[in-house]
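Presented below is the structure to which this report refers.
The values are calculated or read from the model by the stated rules, or taken from the named source; none is laboratory data. Not measured: the values here are computed from a predicted model. Here the Cβ is made from the backbone with ideal geometry for all residues, glycine too, and neighbour counts use every protein chain on show.
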Amino acid sequence: MSNLTAPGRLFPHRHLLGIEGLAPDDIIQLLDLADEAVEVSRQIEKKKATLRGRTQINLFFEASTRTQASFELAGKRLGADVMNMSVGSSSIKKGETLIDTAMTLNAMRPDLIVVRHHSAGAVQLLARKVDCSVINAGDGQHEHPTQALLDALTIRRNKGRIRGLVVAICGDILHSRVARSNLILLNALGADVRVVGPSTLLPTGIENMGAKVFNNMREGLKDADIVMMLRLQRERMNGSFVPSVKEYFRYFGLDSEKLALAKPDALVMHPGPMNRGVEIASDIADGAQSLIREQVEMGVAVRMAVLEALSRHLPNSELRA
Amino acid sequence: MMTSRPVLIINAHLVDPLTATETNGSLAIENGVIHAWGRAIDASAPPEGALVIDGRGRTLAPGLVDLRAFVGEPGAEHRETLSSASRAAAAGGVTTVVSMPETNPPVDDPAVVDYLVRRAREKAGIRLLPAAALTKGLNGKEMTEIGLLKEAGAVFFTDGARSIANAQVMRRALTYARDFGALIVHHLEDAALADGGVMNESELSSRLGLPGIPREAETIMLERDISLVRLTGGRYHAAMISCASSLEIIARAKAEGLPITCGVSINNLTLNENDISTYRTFLKLSPPLRDEDDRRAMVEGVASGLIDVIVSDHNPQDVETKRQPFAECADGAIGLETLLSAALRVVHSDDVALTRLLQALSTRPADLIGLPQGRLLKGAPADLILFDPDEPFVLDPDTLHSRCKNTPFDGARLQGRVHMTMVGGQIVHEA
């Protein structure tokens, strides 16, 4: 049962709907727990019994490969029975409302539901209708809390700290839930956060959300410790938000020349999936400064930590406060 | 283009629009830039080997900077070429011309900008600078590569005579352009309101039986754009306003401190709808000629400085597209060569001071596109004109250098003639 049995603070939330609302201590608790999960995942025997007998449903209204796989593995490593439901096979296609879907699933008595939905706020709505714990795996352009946690874990393990680091989040901030969750989390833990992108890809009022805004990437990367790249979707790069791939890469793509402006030991991150040659040059993505593959490993660990922390609030939990 | 030979222009009436100064004296040029000017220069002792030009009885001023001319390259060389446009400009005292992107192919690709910049260097005696399209293919939908086009040499971004109907496209373009410090120039015409119209909507259009374009086609678009400028903070220039109500809107926006400027066509400044008289197709223009009250308002706008620049809106059309019934012929008139002479009308009528007129024709347009020209300043390029502001003549279209002769001043009495045009200290026109 790891050291959750040890005296300490009980994770004070039943759901994980966003980073917003988490205290710095809550975040640190999840990161500490995730550090332990990394060790578990690196053993030959990767299985624990924390969630034995528990049912976890991964409810994905939006296609996802890595997040869904990551949650599935995390649940299985903790001993849960994991069921995947995705749009194609769900009754949503047949016209059922989100609330009806929630009520139907609730009647099957799951213990944990992991939800990704294309609308901001949909996961919160669903959480109000079910008796189990709900984890937000991404809702619209709102939040993606486990991504922010895994990014923080990756940074902390490589830099030994988060406080005081200069983190430049670059690219399509406007449409990115990853950017929003990261902005909140990194601010909560004392990082110096910058957002870098063309004004067409920056949300209104971002400068009041704890980020310093840069429209020039060279200036934005100057002396950065962490360069966090975001994906730019294809339909946004042909004249609607930015003129072309060529122009975007020229001014906002991460190449060795721009990266050289960051600190010499700066590290590069990307939540994936990457557009090589659009927001990031191939040699940088695969280079020595890249943490991109490590982020994927940390993803499983963070999701194990979240599942474990929330499981203490489940009905009949032996650890229930 | 640079000459190493020093030039001394003596006995001239010097006009510096930047400082609104008029004085008699000399001007010295070295290495293609203005070295000194004023009374203090010793005209009797020119530097060794200098070319001395006697400017007695003539006015020496900065060459004109025209922000709006259609030059036919590439794709419409039968209407105008870089060299014919350059000759017309030089004869009219225009030393810098910004070409419109409505060519074939349109100027929406950095390679086309690069082509024009290089070809202008070979073919044009004056400075020809390309404006680039704001949207790809001038389609009003997707923005062009504003950053790369600007690096290639595009001086501003416009869809020429086309308006951007979609407010979202305009918003994003203004937002994106702001990051690059790029200027957006917009033609003001609500396509739906103007649809089918061929002249100002008025009693006269009813009498002539021609469909009208209401002033609101312009003001609605202008009000929308100003709201978007307030939202985005992008730099914006209304290409050509034509009516008194637009001027009021501009006045309010400027008082508010928004980054907005505007221009007027030489045609709307000097002509009105009555000049159309018997369906003269050379006066079918966009924006259309309005009534005399509107024209008066344009003159006052230039006098007060509310209107920043005067443009020629030079648009050569061959005979076939103009020798048609009024409603069916193409828009546009040539204007490069007559720009100064026509503009001087408002000076001769005592409505606008000469220095103020020259500000709108040189200093302000140069400022808008970041050029050091348009002023008599030590170190500024010696792009200069020597002209007689009072010399009368009757315009004979056959003497014009443009490939097309569709001038609205056909047979008109004009006053003011350019005798010498100089670009970078080199004479490109003499008469």
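Some points to look at:
- The residues on offer are B:I41, B:I29, and the sole one that is farther than 30 Å from B:P101 by Cα, at pLDDT 95 or above and outside any helix (DSSP H, G or I) is B:I29.
- Of all residues in segment B:342-391, those satisfying the criterion of being part of a loop (DSSP other than H, G, I, E, B) and of a type in the set (V, I, T) are B:V352, B:I369.
- Across segment B:11-33, the number of residues qualifying as surrounded by 15 or more Cβ atoms within 10 Å (Cβ to Cβ), of a type outside the set (A, V, I, L, M, F, W, C) and farther than 18 Å from B:G57 by Cα comes to 3.
- Matching residues, segment B:230-254, being within 14 Å of chain A (Cβ to nearest Cβ) and surrounded by fewer than 23 Cβ atoms within 10 Å (Cβ to Cβ): B:R230, B:L231, B:T232, B:G233, B:R235
Per-residue answers, yes or no, for (1) out of contact with any Gly (no Cβ under 8 Å at 6 or more places or on another chain); (2) surrounded by fewer than 16 Cβ atoms within 10 Å (Cβ to Cβ); (3) more than 14 Å from chain B (Cβ to nearest Cβ):
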{"residue": "A:F214", "(1), (2), (3)": "no, no, no"}
{"residue": "A:R218", "(1), (2), (3)": "yes, yes, no"}
{"residue": "A:Q233", "(1), (2), (3)": "yes, yes, yes"}
{"residue": "A:R236", "(1), (2), (3)": "yes, no, no"}
{"residue": "A:L261", "(1), (2), (3)": "yes, no, yes"}
{"residue": "A:P264", "(1), (2), (3)": "yes, yes, yes"}
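- B:R171 vs. criteria within 12 Å of another protein chain (Cβ to nearest Cβ), at negative phi and touching a residue at least 60 places away in the same chain (Cβ under 8 Å): yes
- For A:I19, the test of being β-branched (V, I, T) and surrounded by fewer than 20 Cβ atoms within 10 Å (Cβ to Cβ) is failed.
- Restricted to segment B:136-156, and to residues there that are buried (at least 20 other Cβ atoms within 10 Å of the Cβ) and more than 11 Å from every other protein chain (Cβ to nearest Cβ), the residue that is nearest to B:A217 (Cα to Cα) is B:L138.
- If the condition is being farther than 16 Å from A:L232 by Cβ and either within 14 Å of another protein chain (Cβ to nearest Cβ) or touching a Pro at 6+ places or on another chain (Cβ under 7 Å) (or both), then segment A:172-189 contributes A:S181, A:A188, A:L189.
- In segment A:243-256, the residues that are under 19 Å from A:I173 (Cβ atoms) and more than 7 Å from chain B (Cβ to nearest Cβ) form no Cβ pair under 7 Å with any partner that is buried (at least 17 other Cβ atoms within 10 Å of the Cβ) and of a type in the set (S, T, Y), whether six or more places apart or across chains.
- From the list B:V52, B:V71, B:V65, B:V15, the lone residue that is under 30 Å from B:C404 (Cα atoms), aliphatic (A, V, I, L, M) and part of a strand (DSSP E or B) is B:V65.
- Members of segment A:190-212 that are in contact (Cβ under 8 Å) with a residue 12 or more places away in the chain, out of contact with any helix residue (DSSP H, G or I) (no Cβ under 7 Å at 6 or more places or on another chain) and either within 14 Å of chain B (Cβ to nearest Cβ) or within 22 Å of B:T175 (Cβ to Cβ) (or both): A:L201, A:L202, A:P203, A:I206, A:K212
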